[in-house]
1. Scale the Cα Rg of region 4-215 by the rule-of-thumb value 2.2 N^0.38 Å and send over the ratio, two decimals.
2. Estimate the FRET efficiency between residue 74 and residue 134 by the formula 1/(1 + (r/R0)^6), using the beta-carbon distance for r and 25 Å for R0, to the nearest 0.05.
3. Determine Rg/Rh for region 167-223; Rg is computed over alpha-carbon atoms and Rh is the Kirkwood hydrodynamic estimate from the same atoms.
4. Would you work out the Kirkwood radius for region 1-65? I mean one over the mean of 1/r across all pairs of different Cα atoms, in Å.
5. Indicate the gyration tensor shape class of region 90-133 (rounded, prolate or oblate), computed on the Cα atoms with a ≥ b ≥ c the square roots of the eigenvalues: a/c under 1.5 is rounded; otherwise a/b larger than b/c is prolate and the rest oblate.
6. So for region 105-223, what percent of the C-alpha to C-alpha distances run longer than 24 Å?
7. Rounded to the nearest 0.05, what FRET efficiency do residue 180 and residue 150 have when you use their Cβ-Cβ distance and R0 = 35 Å?
8. Sort 154, 89, 136 by Cβ crowding within 10 Å, fewest neighbours at the top.
């Protein structure tokens, strides 16, 4: 049963070049699309959506692009904090990653959103910000070492991960066929689906196509 989908929303910059529109408009369109996908998930009884918003590698991008993206993060956070529909729809939002590299203002907004939505239980939206799979694993190991443990079990290791849940299905847009460090521990038994369309082009019919593809698969979990 499909309960948790993770998405790598790839292809924003290519879309901007192809459509000859500003990267700011494209990112704005893509942030809106995240919440369209939340609606689609709720429609098909999917409980959790995890989406990658900013990776540890994205710091290498130009200062102009990062400034645009962070401004849009701030704008969307403020909208969420004033949006009563978020609570009405029961959407719990968690920010996953090392947010300490962001500005103090953004850090506060991220924390305020988590506080505002923490009691919501109908739907889980996990947003990966300054997330990298290797960073998550190193962080977990360092926490275990600080606790003085000499032996690490799988159960113990999982307790220290930023995201505890394992996605059933991972969708990556833009045709690229790799995970690029997304949830390396949690994704070992996830089904993978690679969509050729760029993320801003991703529509409900494409989402449904991925769900139907998932339904045809036999998940054996090593059996």
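1. Normalised by 2.2 N^0.38 Å, the Cα Rg of region 4-215 equals 1.02.
2. Efficiency computed from Cβ-Cβ geometry: 0.35.
3. Ratio value, two decimals: 0.98.
4. 13.4 Å
5. oblate
6. 45 percent
7. 0.60
8. 154, 89, 136
Every number here is computed from the coordinates shown, using simple stated rules; none is lab data. Every value quoted in this text rests on a predicted model; they were computed, and no experiment measured them. Neighbour counts are summed over all protein chains in view; Cβ atoms, including those assigned to glycine, are modelled from backbone coordinates with ideal geometry.
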